[in-house]
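Enquirer: What follows is a structure written as structure tokens; I'll ask about it next.
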Amino acid sequence: MLSILSQNKQSLMNVKDVSVKGKYIQGFVENSFLDQWNKTIGKYESNERAIEILSELFAKIEESPGSAVTFTMPQK
């Protein structure tokens, strides 16, 4: 389970997938028969910075000893 606190600290969510879309980082939250629910969990100054954040998240997952991981999206 991956729990992420959004950049604006307004949402805490369990996400199944995280992806970079330009300057935005989106979390895949839910899937239904006809629709998907993605939520923006961070917006950064560039695509490169968003990719750096994604790499930080991956490192946190790798170093986690258990199946539950928490991550707070950085402000900048």
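Every number here is computed from the coordinates shown, using simple stated rules; none is lab data. Since the model is a prediction, treat every value here as computed from it, not as a measurement.
Enquirer: Over the chain, what is the relative contact order in whole percent, taking alpha-carbon pairs under 8 Å and six or more residues apart? Don't skip to the end; give the middle numbers.
Expert: On the way: 136 pairs, mean separation 26.4, N = 76.
Reported as a whole number, the value is 35 percent.
Enquirer: If you don't mind, another one. For Ser11, what residues show an amide H to amide H distance below 5 Å, using hydrogens built from the backbone and excluding near sequence neighbours?
Expert: Distant-sequence amide H within range of Ser11: Ser6.
Enquirer: What is the count of Lys pairs in the chain whose alpha carbons sit under 12 Å apart, if the two are 8 or more places apart or on different chains?
Expert: Details: Lys16/Lys39; Lys21/Lys39; Lys21/Lys43; Lys23/Lys43; Lys23/Lys76; Lys43/Lys76.
Summing the qualifying lysine pairs gives 6.
Enquirer: Given that just one value was derived from the coordinates, which of (i) 6.2; (ii) 8.0; (iii) 5.1 is mean projected area of the Cα convex hull in nm²?
Expert: Recomputing mean projected area of the Cα convex hull in nm² here gives the entry labelled (iii).
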